[in-house]
1. Applying the selection to the stretch 92-121, what residues are hydroxyl-bearing (Ser, Thr, Tyr) and under 27 Å from LYS19 (Cβ atoms)?
2. With the condition kept exactly as written, say whether any residue in the stretch 24-39 is more than 22 Å from the chain's Cα centre (by Cα), among the β-branched types (Val, Ile, Thr) and more than 28 Å from GLY155 (Cα to Cα).
3. What's the total number of residues in the stretch 18-55 that are closer than 16 Å to ILE132 by Cβ, outside any strand (DSSP E or B) and touching a residue at least 60 places away in the same chain (Cβ under 8 Å)?
4. Against the definition (at pLDDT 95 or above and either outside the structural domain of LYS15 (by TED's automatic domain parsing) or of a type in the set (A, V, I, L, M, F, W, C) (or both)), how does LEU106 come out, yes or no?
5. Given (1) at pLDDT below 95; (2) within 17 Å of THR52 (Cα to Cα), where does ILE24 come up short, assuming only one miss?
6. Among the residues of the stretch 83-98, write down those that are in contact with a helix residue (DSSP H, G or I) (Cβ under 6 Å, 6 or more places away or on another chain) and in contact (Cβ under 8 Å) with a residue 40 or more places away in the chain.
7. I need the full set of residues from the stretch 113-167 which are within 16 Å of the ligand (Cβ to nearest atom), in a helix (DSSP H, G or I), farther than 30 Å from THR52 by Cβ and touching a residue at least 60 places away in the same chain (Cβ under 8 Å), in order please.
Amino acid sequence: MRKTLLDKYNEIENKIEIKNNNVISEWLSANKIPKYIYAVDGYKGITDRKITKISINKWLVLNKFKPAFKLRPTKLMLKHFENYESNYNSTLDHICFYYEYNNGNLGIISGCDNLKDIKLKNFKSLKKDELIPLLGKNILLYEPRDGFIQCQYCGKQRLPENIKKETIISRMYKGCVSNYRNYCKDTNCASHDQMGHEG
Ligand SMILES: [Zn+2]
């Protein structure tokens, strides 16, 4: 039986799926099946998002969308797709996790996170334990407490002697100038906040 263009399209798609499945198998052979993506939520705690699917973020592989068709594939389109597939090499860096969590009022929220972004630097991990020290640091820096003043740019709790008062010039304020605001004295928080109000 002669292959139709659609058959050919499906064959190329299968090749891509095989590449993707190999990458996922490789990762799973070295790691336990992850159940949750954990993230530090400011100083309030650690959130968990239930992982529903391990997948490959196809966009990340070539930074472009897979050639797609509306009604049926054309020869030209198929050529593009072949070319796309021959350059398509998914790696561990392209793994992503689909997740779901309950956001109370908003109901069930779903999304996905790339494995390469699940890093302590981003306050995210697949292991809750790794985040506990980071949460501890955030509590020390940001949790409101008596005798401290919050910087209105970086949000840190500072002793009064480490705070300076500045105004911000911006059209968003009456008379184009804000009331006095609190900023860290020893950093550029005030000028950063001023820049944030411009442009
Ligand atoms: Zn600050």
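The values are calculated or read from the model by the stated rules, or taken from the named source; none is laboratory data. Quick caveat, the model's predicted, so the values are computed rather than measured. Here Cβ is always computed from backbone atoms with ideal geometry, including for glycine, and neighbour counts include all displayed protein chains.
1. Answer for the stretch 92-121, where residues must be hydroxyl-bearing (Ser, Thr, Tyr) and under 27 Å from LYS19 (Cβ atoms): TYR98, TYR99, SER110.
2. no
3. Here the count works out to 2.
4. no
5. In the conditions (1) at pLDDT below 95; (2) within 17 Å of THR52 (Cα to Cα), ILE24 misses (1) alone.
6. GLU85, TYR88, SER90, LEU92, HIS94, ILE95
7. Answer for the stretch 113-167, where residues must be within 16 Å of the ligand (Cβ to nearest atom), in a helix (DSSP H, G or I), farther than 30 Å from THR52 by Cβ and touching a residue at least 60 places away in the same chain (Cβ under 8 Å): LEU141, TYR142.
Every residue, every condition in (1) in contact (Cβ under 8 Å) with a residue 24 or more places away in the chain; (2) more than 17 Å from TYR9 (Cβ to Cβ); (3) touching a helix residue (DSSP H, G or I) at 6+ places or on another chain (Cβ under 8 Å); (4) surrounded by 11 or more Cβ atoms within 10 Å (Cβ to Cβ), yes or no:
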{"site": "ASN57", "(1), (2), (3), (4)": "yes, yes, yes, yes"}
{"site": "LYS66", "(1), (2), (3), (4)": "yes, no, yes, yes"}
{"site": "LYS70", "(1), (2), (3), (4)": "no, no, no, no"}
{"site": "LYS79", "(1), (2), (3), (4)": "no, no, no, yes"}
{"site": "ASN103", "(1), (2), (3), (4)": "no, yes, no, no"}
{"site": "SER110", "(1), (2), (3), (4)": "yes, yes, no, yes"}
